[in-house]
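Data block below; observations after.
Bear in mind these aren't lab numbers, they're just calculated from the coordinates by the rules spelled out. Note that the structure is predicted; figures quoted are calculated from it, not measured. Cβ coordinates were reconstructed from backbone atoms using ideal geometry, including for glycine residues, and neighbour counts include every protein chain displayed.
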Amino acid sequence: MGTRATDSFYLVGTVVRFLARNAETGGYCLCEATVAPGAGAPPNRHAGEDEAFYVLEGSFDFTIGEDTRRVGPGDFVKIPDGALHAFTNTGDAPGRLLIVNAPGLVHEQFFSEAGEPLPPGTRDLPASPAPPDIPRLLEAGARAGIAFPRPGG
């Protein structure tokens, strides 16, 4: 299945489903993410791409720079442009987020290249996911303009 044939991708414990892409909106992409317990996004940064999260279900720890805060349903988290950030589902069930990226091209490219394509409309986590291909994720991030700093680096 080619990346253009679907709106849903699996990346390291998370299903990302595009609800709207930059080409449709003229300036942002909107995704829904289903995040497995203990999963999330590792520390990363990207310049020139605004990012914000709205919690639909679950409990998440968001780290921005040196600050970490726990958020839940109805909470909104804005990531400053270029800030180092990460999040983790701290609950014991899958959590759900809405993610807005503007202009969204960096994240559209990264999710589509790094993620495993799923059938269109998929929201549920796979029953038996493949182990992550970390070199592929890092390479896709570099091509898209997302840096994943090494711990202590």
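Summary table
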{"read-out": "Global geometry of segment 17-94, whether rounded, prolate or oblate, following the gyration tensor of its Cα atoms and the 1.5 cut on a/c", "value": "oblate"}
{"read-out": "Label of the coordinate-derived value, log10 I(q)/I(0) by the Debye sum over Cα atoms at q = 0.14 Å⁻¹, listed as [x] -0.63; [y] -0.70; [z] -0.79", "value": "[x]"}
{"read-out": "Cβ charges +1 (Lys, Arg) and -1 (Asp, Glu), total dipole of the chain, debye", "value": "120 debye"}
{"read-out": "Rounded, prolate or oblate (a/c below 1.5 giving rounded, otherwise prolate when a/b exceeds b/c) for segment 56-119 by Cα gyration tensor", "value": "oblate"}
{"read-out": "Dipole in debye (nearest 20) - segment 75-153, about Cα centre, beta carbon charges: Lys, Arg +1; Asp, Glu -1", "value": "120 debye"}
{"read-out": "Relative contact order %, segment 1-134, counting alpha carbon pairs below 8 Å whose residues are six or more apart", "value": "36 percent"}
{"read-out": "Among PHE87, PHE62, PHE76, residue whose mean-square fluctuation peaks in a GNM of the chain (springs only between Cα atoms under 10 Å)", "value": "PHE76"}
{"read-out": "Protection proxy ranking, peptides 15-25, 127-137, average beta carbon neighbours within 10 Å, highest first", "value": "15-25, 127-137"}
{"read-out": "Helix-only mean residue ellipticity at 222 nm for the chain, each DSSP H run of n ≥ 4 adding -39500 (n - 2.57), per residue, nearest 500", "value": "-4500 deg cm²/dmol"}
